[in-house]
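These notes are about the structure you will find just below.
Values in this text are rule-based calculations from the coordinates and carry no lab data. Quick caveat: nothing in here was measured; it's all calculated off a predicted structure. Using ideal geometry, Cβ is built from the backbone for each residue, glycine included, and neighbour counts are taken over all protein chains shown.
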Amino acid sequence: MTGDRIFDNVTATIELLARRGTLPLNTVAEELAIPRANVQRIVGGLVEAEMATIDADGSAQLSTRWLHLAESSRRQRMEWSTAHEALLDLSRSTGHSAYLIVPEEDHGLCIDWAPGHGIGVLELRPGGRLPLHAGAGGLAILAFGTQDVERYLERAPFPPLTSATLTEADDLRAMVDDIRARGYSISDEDVTVGVYSLGVPVLRDGNFVGALSLGGLKRRMLERPDALVNELLRAAHALA
């Protein structure tokens, strides 16, 4: 196995555990389509580095050390030094989870959040990544922060996260046009069933620097979507 393949498998294992939580090694192997023996070696290495733990039943989970690393990384982004308080204000005023997401290659990277109600159904955490073809934060980056949308769409069709995920280039191209026209993105169960989210760009001196999003249970988000968009725009303006 080449070094690049090993690195890809380690990264995929970490991201899967970050997204799904505690998992049996067999499940990790099945989800990633790699041999269980390889998964066992990867997880064993993470345990030795104190980056993962193994439960009594043999299931793996990430360790709390990741929290310290994420906090350290967030603090190093000095341009976002006031972001956490803004996210807390947004979460308190709306009751929903607020996220700050920045571009990272062809993904969106969550660098901070403030949890709201119904958080158990939401998967994104600081350090987690979103594809640009799904999720309010990812779609906002695709629409407002991607210099060459067509280059990204050349990779279509994309893997679906749910039955509502747009995967084809033509559908995503039309979605980008809609987002730009109304000024914000909508994620309607395309990442997690039952979850709805809204996203807006954060601009500084006219330049895109990140996306701000709100997510929660769909039925609650749809009680006052216009007011939530206004709250998002207010917070984005404050961050800018």
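So the values come out like this:
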{"read-out": "The chain: DSSP helices with Cα axial extent of at least 15 Å and average Kyte-Doolittle hydropathy no lower than -1.0", "value": "3-20, 36-48, 83-94, 169-182, 225-239"}
{"read-out": "Relative contact order (%) - criterion: Cα under 8 Å, at least six apart; region: region 3-63", "value": "35"}
{"read-out": "Residue-by-residue Karplus 3J(HN,Hα) for region 149-159, coefficients 6.51, -1.76, 1.60, Hz, glycine and proline x", "value": "4, 5, 4, 5, 5, 4, 7, 5, x, 8, x"}
{"read-out": "Extension gain, residue 151 back to residue 64 (0.36 nm per residue minus Cα-Cα distance, nm)", "value": "27.6 nm"}
{"read-out": "Förster radius 25 Å - calculated FRET efficiency between residue 88 and residue 49 (Cβ-Cβ, nearest 0.05)", "value": "0.20"}
{"read-out": "Footprinting exposure proxy for 99, 196 (fewest neighbouring C-beta atoms within 10 Å first)", "value": "196, 99"}
{"read-out": "Whole-Å semi-axes of the ellipsoid equivalent to region 3-63 (Cα gyration tensor, √5λ, descending)", "value": "16, 13, 11"}
{"read-out": "Burial order of peptide ranges 85-91, 24-30 (average beta-carbon count within 10 Å, highest first)", "value": "85-91, 24-30"}
